[in-house]
Every structure is written in C-alpha cells, then in structure tokens.
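The values are calculated or read from the model by the stated rules, or taken from the named source; none is laboratory data. Quick caveat, the model's predicted, so the values are computed rather than measured. Methodologically, a virtual Cβ is constructed for each residue, glycine included, from the backbone with ideal geometry; neighbour enumeration extends over all protein chains shown. Areas reflect the complete protein model, heavy atoms only, side chains present, ligands, DNA and RNA absent. Shrake-Rupley method; radii C 1.70, N 1.55, O 1.52, S 1.80 Å.
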Amino acid sequence: MDTTQLSVTRSAGSVVEIGPFTVDDPVLASLLDNQPATRWAATVLRALEVGARGLVDMGLGVNVRDVDDRVRATLESVLDEARACSVDALDAAGRALAGQLDPQLRSSLSARTIEEFAAARDRLLGQLDPDLATSHTARFVASVTELLGPGGRVEETLRQALDPDADGSGLGRLAAAVDARFGELRDLIMREQGRSDEAVRGTAKGVDFEDVVEQRLSEFAGVVGAVVDRVSRQSGDLGPESLVGDFVVHLPEGGRVVVEAKNAARIGLAGRHGILDELDRALANRAADYAVCVSAQDAYPAGVGGFNVYGNRILVVDDGDGTLLRAALRWAQSAVAAAPAAAVELDTGVVVDRLERLKTLATRFSSIRRTLSDMRGGIDGVRDQLDGMRCELLDQVDDLWREVHGAAGGEEVSVTRVA
C-alpha cells in the first residue's frame, strides 16, 4: 500500500486517526510521538505488518491466553517434578548423614572418631601416669629428684658454695670481701681519726701562736699608739662565713693593717689558694690598707725568705720573738702613711736599698736563730750578735720611717711600692 494514500493524524491523549478509523492505543500513540509526522504513515503500516506476521506465526485462530495457560502449566509441571527430585535427594542425604553421625553404628564416622579419641586419651594418660616407669611424668619426676632431692646435684653445689672453708666457694669469697671492706673501713676510720687529731693539734698550735702574735702586736701598739683587735672568730665584709684575717691594727695615722697568723708546715705563695690570694681576701674582708702574714715556721717557698714585700702585702717569718713582725708593721705603717701623697716623689733607690737590706738582715737573723737552736755552746756570743742585728734591723726600719716623713716635710707624699 502506498503510504501517500494513508492519512495518519494525532489527536488528544492516545487517540490516533488512521484514514476513516480512530484508534485509542497508548502504545501506538507513544510510537508515533517518537517519530516525525512524515514517518507516521510508514510506522503505522510497519506496525500492521508486524502484527499480521505475528498472528500468522502463532497460528490463526489460536487464543493467546490459551498459549499462556499451557506454558504456565508446563512450567508448574517441571517445577513439581524438580521439587520432588530435590526432596528425594535431601531425604537420601539426611539418611546418609544420620548414618555417619550415629555412634551406634560401628562403621559411622562418629563411632570411628570416638574410638580413635579413646585410644588417644589412653595413650596420653599412659604417658602422664607417674606409676609407669616409662611414662614422661615418671622420667621427669626422676630427673627432678636426682637434681633437687637429697644428695642431688643442687644440694651438693649449694653445700660447696656455702662452705666458708672451701677454696673458691661463693660464701668464702663473700666473707673475704666483707673482711677486706671492713679492714678498709677500719683503716679509713683510723686515718680520719689521725687527721682529726692532727687537725685538733694544728688548731691548738694555731690558737697558741695567735696568742703570741697578739702579745707582740700589743707591744707594738703600746709604742706607736695603735689599737689591736683580735677578729679571728668574727665574720667580716665578705659575708657571715668569712673569717679570713686574724687581727686588725688601727694605726694612729688612721690606716688599718690586717695580720694573718700561720703556724703551718707549708704555705703556698701564688694561685687560688696561695697566701697572696688569702691576704687579698683579708684586705677586703677587714677593709684594711695593708696586710701582713706572719709565719711561725720557715714554711714559705725558698724565694720568699724571712721577709718580703708584694705590693701592699708583706710575708714575714717570726716564731714569736717579735723582731721581724715589728719590722713588718713599721714598714706597713710607713707605706700607709705615705700612700695618699701625690705632690712629693720618694727616692725609690733609697727605698729599694732599705728593702734589700731588710731582706738580707731578716735572712741572716732567721739563719742565726736556727743555728742557735742547734747549738749548746757559745750561746752568749751568738746572743750578742742577735741583739746587734736586732738593733740594726730596727734602725733600718726607723731610717725608712724618717725617710718617708722627712721627704714629705709634713706634706702629702706618694710611695712607689716595691714588689
């Protein structure tokens, strides 16, 4: 049929007009809506052809509903047969499983498992039975008894280790170590006791020497009009724990001389703990202008000698006679009196000469005193020499005093200190 002779139009809803026919079919309407209007006639003819061919293939006069019923009946028959087969298979599987799990049947899996478990249990209990000599437990108990029991290896080892008389035993070594430690402790206590006794004796000697020095300082103060304070047990300007500086001599000119008394076998010179550093701290602690360290023994290094000056610090050896201590104090008094001056210059050559002479006399004086202590004969002659030297030494100090004040003429003078 020529599509130009077929008129196809769309109406409202699902109505399609084909020539003189009107069809209300949503499927056909939807099919046409998806095509352009020029293709509607061809689409309708194609739908008619497909429908006619389908009818021919299905057989003319066959009801589609009958076909559906026959197909459904066939499917139900197949499902029933399959269901029956499945039930038979499940019944057979259930019977087989029940037979395998039935312990009453010797051939069942459960019966065989129970038998094997019982055999394994019997073997295990046999290996753990301590009454069986071949069991693991019996062998273990025998080994433990051999090791820990009476007369066993552990008992023997402990006996040997705890025997204090056995060579190389642990307890013997421990006892020897304890004895050694107690011996070391005893020796340490004895040494510390000895040091304490020596410290007490040294302190007592120092206090005794301080008493002697205080007496000599008082004699000097009575001659020049000075005042002596013993401050060895009083703290100073450096803090409540600072006791450096045993005496302070207040000179009539207004200066202050700090005196440190030493009665030690050896006195170091330089360094942090040397006597010069200690005198610097004594100067600061007692707010003094000059410092004197008087030693009761020849304890200074060899380069110091019996009398030496280091700036505003004097080191002197005087065992209590007072001669060299008095010389050191007169030197300090002269230096303090001349220190503020600036207008008049001293003859440094004279000062140096006097200082060298003082050092020489001090060395000779100390040497002769040592000779005197070793000698028993000729004491009077040596004493005369000492008296002469004492007078000469003090004259040298007095000459230096007059030199200082004579050069000043009552004015302020400056002194170049001799190191």
- Task: Considering only region 16-25, state which residues are surrounded by 11 or more Cβ atoms within 10 Å (Cβ to Cβ) and not in a strand (DSSP E or B).
- Result: 19, 25
- Any chance you could count how many residues in region 150-196 are modelled with pLDDT of 70 or more and either outside any loop (DSSP other than H, G, I, E, B) or at positive phi (or both)? 29
- Tell me which of these residue 211 doesn't satisfy, since it passes every other one: (1) free of Cβ contacts under 8 Å to residues at least 40 places away in the same chain; (2) closer than 23 Å to residue 334 by Cα; (3) open to solvent by 50 Å² or more (accessible area, probe 1.4 Å); (4) part of a helix (DSSP H, G or I). (2)
- Task: Pull up region 244-262, narrow it to residues that are part of a loop (DSSP other than H, G, I, E, B) and modelled with pLDDT of 90 or more, then point me to the one that is farthest from residue 298 (Cα to Cα).
- Result: 252
- Taking the condition under 20 Å from residue 243 (Cα atoms) and surrounded by fewer than 24 Cβ atoms within 10 Å (Cβ to Cβ), does residue 319 pass? no
- Message: Residues to consider are 310, 290; find the one that is more than 15 Å from residue 259 (Cβ to Cβ) and modelled with pLDDT of 90 or more.
- Response: 310
- Item | Residues that are under 23 Å from residue 330 (Cβ atoms), touching a Gly at 6+ places or on another chain (Cβ under 6 Å) and in a helix (DSSP H, G or I), drawn from region 263-312 | 282
- Note on the structure: When restricted to 142, 161, the only residue within 28 Å of residue 123 (Cα to Cα), surrounded by 12 or more Cβ atoms within 10 Å (Cβ to Cβ) and of a type in the set (Gly, Ala, Ser) is 142
- Task: State the number of residues belonging to region 214-243 that are buried (at least 20 other Cβ atoms within 10 Å of the Cβ), among the hydrophobic types (A, V, I, L, M, F, W, C) and outside any helix (DSSP H, G or I).
- Result: 2
